[in-house]
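Student: First, the structure itself, so that you have it in front of you.
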Amino acid sequence: MTLHLAGAAWVLPLAATLLALSGLISLYRLLRGPSRPDRAVAIDALTLLAVAAMALLCLMRGEALFIDVAVLLALVSFLGTAAFAFLFDDAHSQMPEKREEHR
């Protein structure tokens, strides 16, 4: 089965360029993020960009194998995001509570 997209000659390279630009911005946030949650969100964004890149590669090459890889990467990304959420939830629960004095 062959898939023929209207405007694929310019849409697919434009989408690949925008994905690469988004990847660079997310990589910058990963390296320069002021806090650990910022870095966790950047890692999640990079994995989602990788899933989108796999889907785009599937459209460019016409091979359905890349869709399987994209689904597997999305599942692993979900597990990683859940692990980060548990990690940060545990870090906040061990922090001493600030007491405000009423005067």
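The values are calculated or read from the model by the stated rules, or taken from the named source; none is laboratory data. Nothing here was measured: the structure is a model prediction, and the numbers come from that model. Don't worry about glycine lacking a Cβ; one is built from the backbone with ideal geometry, like all the others, and counts go over all protein chains shown. SASA here: full protein model, heavy atoms, side chains in, ligands and nucleic acids out. Shrake-Rupley method; radii C 1.70, N 1.55, O 1.52, S 1.80 Å.
Student: Quick one: in segment 72-86, which of the residues that are within 27 Å of Leu12 (Cβ to Cβ) and touching a residue at least 12 places away in the same chain (Cβ under 8 Å) is least open to solvent (accessible area, probe 1.4 Å)?
Tutor: Looking at the filtered set, the residue picked out is Ser77.
Student: Tell me, please, whether a residue that is under 21 Å from the mean Cα position of the chain (by Cα), at pLDDT below 90, assigned to a helix (DSSP H, G or I) and surrounded by 11 or more Cβ atoms within 10 Å (Cβ to Cβ) can be found in segment 87-101. If you could, list the steps in order and put the result at the bottom.
Tutor: Going through segment 87-101, the residues under 21 Å from the mean Cα position of the chain (by Cα) turn out to be 87-89.
After this cut, where a residue has to be at pLDDT below 90 as well, the list is 87-89.
Next, only the ones that are assigned to a helix (DSSP H, G or I) stay: 87-89.
Pick out the ones that are also surrounded by 11 or more Cβ atoms within 10 Å (Cβ to Cβ) and you get 87-88.
Taking every residue of segment 87-101 in turn, at least one turns out to be under 21 Å from the mean Cα position of the chain (by Cα), at pLDDT below 90, assigned to a helix (DSSP H, G or I) and surrounded by 11 or more Cβ atoms within 10 Å (Cβ to Cβ).
Student: Across segment 25-39, which residue is modelled with the lowest pLDDT among those that are of a type in the set (Gly, Ala, Ser) and either in a helix (DSSP H, G or I) or exposed (fewer than 13 other Cβ atoms within 10 Å of the Cβ) (or both)?
Tutor: Out of the qualifying residues, it is Ser35.
Here is a yes/no grid of residues against (1) of a type in the set (A, V, I, L, M, F, W, C); (2) farther than 19 Å from Ala70 by Cα; (3) open to solvent by 60 Å² or more (accessible area, probe 1.4 Å); (4) touching a Gly at 6+ places or on another chain (Cβ under 9 Å):
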residue	(1), (2), (3), (4)
Trp10	yes, yes, yes, no
Ala16	yes, no, no, no
Ser22	no, no, no, no
Ala42	yes, no, no, yes
